[in-house]
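Since the structure comes first, as structure tokens, the remarks are kept for the end.
The values are calculated or read from the model by the stated rules, or taken from the named source; none is laboratory data. Source: prediction; values computed, not measured. For neighbour counting, all protein chains shown are included, and Cβ atoms are generated from backbone atoms with ideal geometry for every residue, glycine included. Protein only, heavy atoms only, side chains kept; ligands, DNA and RNA dropped before computing areas. Shrake-Rupley method; radii C 1.70, N 1.55, O 1.52, S 1.80 Å.
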Amino acid sequence: MKIRVRDITESPEEVEFEEPTSGLNPALRNGPSQDFRCERPAEVRLTHYRAGQDLFFDGTIDAALEGHCARCLGDFAVSISAPFHFMASPRDAGLGSGEDEDVDVTVYEGEEIDVAPLVRERILLSLPTTPLCRDDCRGLCSQCGANLNDDNCGCPSDSGDPRMAIFRNLRVDR
Ligand SMILES: [Zn+2]
Ligand SMILES: [Zn+2]
């Protein structure tokens, strides 16, 4: 989504747009969040305004994604609603003294500012580094591969350690 710099005025204006999956999914694949993908465009709502040459954007991003669980390998739905705040300064003015940590600072040049990369970055930062379908996902049985969230496969829980096998066999022999 590109916004013409001269359309950004001192009076705040609200805009809504969608960030398409064709932009989001390559960013997800190339980033640290390879186990997530977007099925639908992300919805972005923002208010923009300027103070002199500095442009300000405040808004929220709502996105529905599908994650691939690191433990049970199942797919699960994630929805995120992430606030974002950023300020853009003209490139030749250098970076502003953005001391406020809640505000991302960026630069722009030319007639337009493309907010899509900032939206994508915000989404990436909102995703967990280890995708889990739920915090207490029990994963897969190391012996039979059953999904332990669905059923208890019945494999003895201590048999994962091969050093224990000899004791089990001794018990059976007695
Ligand atoms: Zn899982
Ligand atoms: Zn099992």
| query | For region 144-161, how many residues meet the condition of being at pLDDT 90 or above, within 15 Å of ligand 1 (Cβ to nearest atom) and of a type outside the set (A, V, I, L, M)? | reply | 3
| request: Looking at (1) touching a strand residue (DSSP E or B) at 6+ places or on another chain (Cβ under 9 Å); (2) away from ligand 1 (no atom under 16 Å from the Cβ); (3) open to solvent by 70 Å² or more (accessible area, probe 1.4 Å), find the lone condition where residue 134 falls short. | output: (2)
| message | Being open to solvent by 40 Å² or more (accessible area, probe 1.4 Å), modelled with pLDDT under 95 and of a type in the set (Gly, Ala, Ser) is true for just one of 23, 94, 110. Which residue is that? | response | 110
| remark: Restricted to region 26-48 and to residues being closer than 21 Å to residue 127 by Cα and open to solvent by less than 20 Å² (accessible area, probe 1.4 Å), the residue farthest from the chain's Cα centre (by Cα) is 46
| field | Subset tally (residues that are more than 30 Å from residue 139 (Cα to Cα), open to solvent by 70 Å² or more (accessible area, probe 1.4 Å) and within 25 Å of the chain's Cα centre (by Cα)) for region 62-91 | value | 2
| Does residue 59 qualify as being closer than 27 Å to residue 110 by Cβ, over 15 Å from the mean Cα position of the chain (by Cα) and free of Cβ contacts under 8 Å to residues at least 24 places away in the same chain? | no
| task | State which residue pairs qualify: first residue surrounded by 10 or more Cβ atoms within 10 Å (Cβ to Cβ) and inside region 1-19, second residue part of a helix (DSSP H, G or I) in any location, beta carbons under 6 Å apart, and separation of 6 or more residues or different chains. | result | 1/116; 19/116; 19/119
